[in-house]
Amino acid sequence: MKSDKKAESRVTRRVIVVGGGLAGLTTVVKLCEAGVPVDLFSLVPVKRSHSVCAQGGINASVNTKGEGDSPRIHLEETVYGGDFLANQPPVKGMADAAPGIVYMLDRMGVPFNRTPEGLLDFRRFGGTLFHRTAFAGATTGQQLLYALDEQVRRWETVDVEDDKGLVVRGEKMVRKLEHWDFLGVVQDDAGRCVGIVAQDMKSMDIVAFRGDAVCLATGGPGIVFGRSTNSVINTGTAAAAVYRQGACYANGELIQVHPTAIPGADKLRLISESARGEGGRVWVPKDPKDKRRGREIPQREREYFLEAKYPGYGNLVPRDIASREIFAKCFHEKRGVYNSKTEKNELEVYLDLTHVPKETLRRKLAGILEIYEKFVGEDPYENPMRVFPAVHYSMGGLWVDFEKSGDGGLVRGSPRNQATSIDGLYAAGEVDYQYHGANRLGANSLLSCIYAGLEAGPAIAAYKKNLESSAWDVPESVYEAAERRELDRYKKLLAMDGDENPYRLHQELGETMLRDCTIERDNDTLDGVLAKIDELEDRFAQVGAPDQSDSANHGAQFVRHLSNMLVLARVIATGARARDESRGAHYKPKFPKRDDEAWQRTTLAFYEKGEGKRSAVRFVRELQHSVADQSLTATDAVDVSLVKP
């Protein structure tokens, strides 16, 4: 493969992708196809990236069941589900590309479920009346991740060729660096991103790496809420780090709560929406003091409250609606499953699959039912599962740009697509804000990750091709200074010897955010959340570093991530306090209606230093940025040109 580098220098001029999930791997593949060598960084082994946890499926309007589904309807339902807060050209591009993406994955060897005729099978998911979700049992994310990992491994064996077709000895198209923690980007004198600084989590060495462009594909910030369905690596630290360096963070307040997860003391394990897609029914006993086990309660004594209130969608209403209804049933009406041991109604409802034939469940849902049985100790084939909503996904993330095409979609290969407000820095996957508006439809996440990678790869290749100067033309002193900056920060972190326990601070942060900044939001309560964040940032200055080791020091790493989680928590809570309406996952009972006149706009946040050691948030209505020396202006207005509110 060829790449644009100086043949006489024999220097391989790479770009950098941080994150080895679906978005990162897809970006790498597209860059390699364009002849651009890549350094791929991952905090964990790539095959343990959080995409592996996705269960239910990936959306594509293939319409094999003859229901009249189409990419246009997919666009409309995504826009409606997101309460008209997503820019519609990227959503159109995603919906149009979805069938081709599923067929591409099928050719890569993803073992999708099939119909008896041998066609790809599709199930229903929330927010749609169509069978649109392709799936590989209940482990779709794992199968997709492994397939894309194989594609990237192939590129790890391909030699780099220079612009004259000569092999650059010892250089492969992809260099994979696992167990590296992203610390920040390197910026030249003009503010352009020309590399990253990362820490080897085995040796704890801090190293600056050159890159003609950088793409973050580092996932969401679920662990800001303490317990969530996310992996423990999903702290949002990479997004927070570049936010602190000047990147815009958009719609941070929009956090999705998944309606069905297993309540637990350590982690809230997801029970996929596919359970309801395959016929699962949500209910509570009509008698709130009913002491019988779920399977012993007859049909006539059950309240199927979602089916009664939403007869069209039934148990497959969008996630924000299902979560609020379950929360109201348990928290406000005190109608959750009764626990005779504690003599109180728990924050649990039943999710019942016992009426579905066991062979169907084993074929389509074995993965998630095995998780339930392992962690609850009950057989879900015979007993209704007990579930409650859990923090699951961030619609907000790093602000990214796009270039609109004549047909209302995206200009493929435009260097503006997926570009953040820092020149040369791109973002793809859950770490960006682009595709879901105020609420994500189920099974659009895997699709948006892959589609964002399909756009980011060509965009970065075009950006690199049009650069007037390379990162390899930047003085070495710039990288040395970036290394010193991060090394000094790390030394100061190790020297922290206060009395505060960082794990206790995180516990208090998580409890506060989970209790007061999720399903229902109240301004007075949010004022208390912000006061708590003030307190925690003040106490953070008195933290004692839990580990002084010279290698594999994950205690020190946690302290660094905690600092970034506090910064993101402020963005989330401040945005929630400011948005006085109810839209998608953001629900304020005192402002129950969607306010398009005042709030149909993107929350654009920039980092500022606050009082003492605290952070602060500055909101703007427009921002100036540049892409490959092109000066651009973006506003908070949402493009609703394709589907009118």
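The values are calculated or read from the model by the stated rules, or taken from the named source; none is laboratory data. Not measured: the values here are computed from a predicted model. Glycine gets a Cβ as well: all are built from the backbone with ideal geometry, and neighbour counts include every protein chain shown. Note: accessible area is taken over every heavy atom of the protein model, side chains too, but ligands, DNA and RNA are not part of it. Shrake-Rupley method; radii C 1.70, N 1.55, O 1.52, S 1.80 Å.
Please give, to one decimal in nm, the separation of the simple spin-label points placed at D159 and L632, each 7 Å out from Cα toward the Cβ.
3.8
When ligands, DNA and RNA are left out and all protein chains stay put, how many square angstrom of accessible area per residue does the chain have with a 1.4 Å probe?
Computed with neighbouring chains in place, this is 37 Å² per residue.
In degrees, nearest 10, range 0 to 90: what is the angle between the Cα axis of helix 22-33 and the longest Cα principal axis of the chain?
Here the helix axis deviates by roughly 40 degrees.
Under a 1.4 angstrom probe, counting protein chains only, how are R227, R269 ranked by accessible area, largest first?
Greatest to least solvent exposure: R227, R269.
Which whole-number percentage describes the relative contact order of the chain, with Cα contacts under 8 Å and a sequence gap of 6 or more?
20
Got a number for the accessible area of R560? Probe 1.4 Å, square angstrom, nearest 10.
The accessible area of R560 comes to roughly 40 Å².
Which percent, nearest 5, of DSSP beta bridges in the chain are antiparallel?
Once the DSSP bridges in the chain are tallied, antiparallel ones form about 75 percent.
Once a ≥ b ≥ c are taken as the square roots of the eigenvalues of the Cα gyration tensor of the stretch 1-137, is the result rounded (a/c under 1.5), prolate (a/b larger than b/c) or oblate (a/b not larger than b/c)?
prolate
Excluding L119 itself, what net charge comes from residues whose Cβ is under 12 Å from its Cβ, given Lys and Arg +1 and Asp and Glu -1?
-1
So how tilted is helix 502-516 from the main axis of the chain? Cα-based, degrees 0 to 90, rounded to 10.
The angle comes out at about 50 degrees.
Work out the charge dipole of the chain with +1 on the Cβ of Lys and Arg and -1 on the Cβ of Asp and Glu about the Cα centre, then indicate which of P285, T635, A213 is farthest towards its positive end.
P285
For K164, list the aspartates and glutamates whose Cα falls under 17 Å from its own Cα; do not include residues on the same chain fewer than 8 positions away.
Here the aspartates and glutamates satisfying the reach criterion relative to K164 are D4, E8.
Using only Cα atoms, find the angle between the long axis of helix 88-108 and the longest principal axis of the chain, and express it within 0 to 90 degrees, rounded to the nearest 10.
90
Measuring from centroid to centroid over Cα atoms, what is the spacing of the stretch 583-614 and the stretch 144-179 in Å?
Going from one Cα centre to the other spans 42 Å.
Using the Cα centre as the reference, give the magnitude of the dipole from point charges on the C-beta atoms of the stretch 352-461 (Lys, Arg: +1; Asp, Glu: -1; all else neutral), rounded to the nearest 20 debye.
160
Using a 1.4 Å probe on the protein chains only, how many percent of the accessible area of the stretch 113-229 belongs to carbon and sulfur?
Carbon-and-sulfur percentage of accessible area, whole number: 46.
What is the stretch 332-488's relative contact order, in percent, from Cα pairs under 8 angstrom and six or more apart in sequence?
17
Once the other residues with Cβ under 11 Å from the Cβ of A97 are scored (Lys, Arg +1; Asp, Glu -1), what is the net sum?
Value of the local net charge: 0.
Testing the spin-label approximation: label points 7 Å from Cα along Cα→Cβ at R300 and V640. State their distance in nm.
Taking the two extended label points, one gets 4.8 nm.
Roughly speaking, what is the centre-to-centre gap between the stretch 242-260 and the stretch 382-424 when only Cα atoms are used, to the nearest Å?
11
In nm, to one decimal, how far is the modelled label at R485 from the one at S469, with both set 7 Å along Cα→Cβ?
So the two model labels end up 1.7 nm from each other.
Taking a threshold of 24 Å on the Cα-Cα distance, which of the pairs K267/K590; K334/K532; K291/K334; K92/K267; K593/K644; K491/K532 fall above it?
Cα-Cα > 24 Å for K267/K590; K334/K532; K92/K267; K491/K532; rest within.
Given [x] 91, 64, 45; [y] 80, 63, 49; [z] 144, 89, 43, which label gives Cα extents along the principal axes in Å as computed from the coordinates?
[y]
Quick one: dipole size for the stretch 83-129, taken about the Cα centre, charges +1 on Lys/Arg Cβ and -1 on Asp/Glu Cβ, in debye to the nearest 20.
That gives the stretch 83-129 a dipole magnitude of about 60 debye.
Order the following by accessible area, largest value first: K613, K464. Probe radius 1.4 Å; ligands, DNA and RNA are ignored.
Order by accessible area, largest first: K613, K464.
Say the cut-off is 24 Å between C-alpha atoms; which of K47/K374; K492/K613; K65/K374 go over it?
From K47/K374; K492/K613; K65/K374, over 24 Å: K65/K374.
Using a ≥ b ≥ c from the Cα gyration tensor of the stretch 444-586 (square roots of the eigenvalues), is it rounded, prolate or oblate, where a/c under 1.5 gives rounded and otherwise the larger of a/b and b/c decides, a/b for prolate?
Note, shape of the stretch 444-586 comes out oblate.
Using unit Cβ charges (K, R positive; D, E negative) and no other charged atoms, how large, in debye to the nearest 20, is the dipole of the chain about its Cα centre?
Dipole about the Cα centre, nearest 20: 1340 debye.
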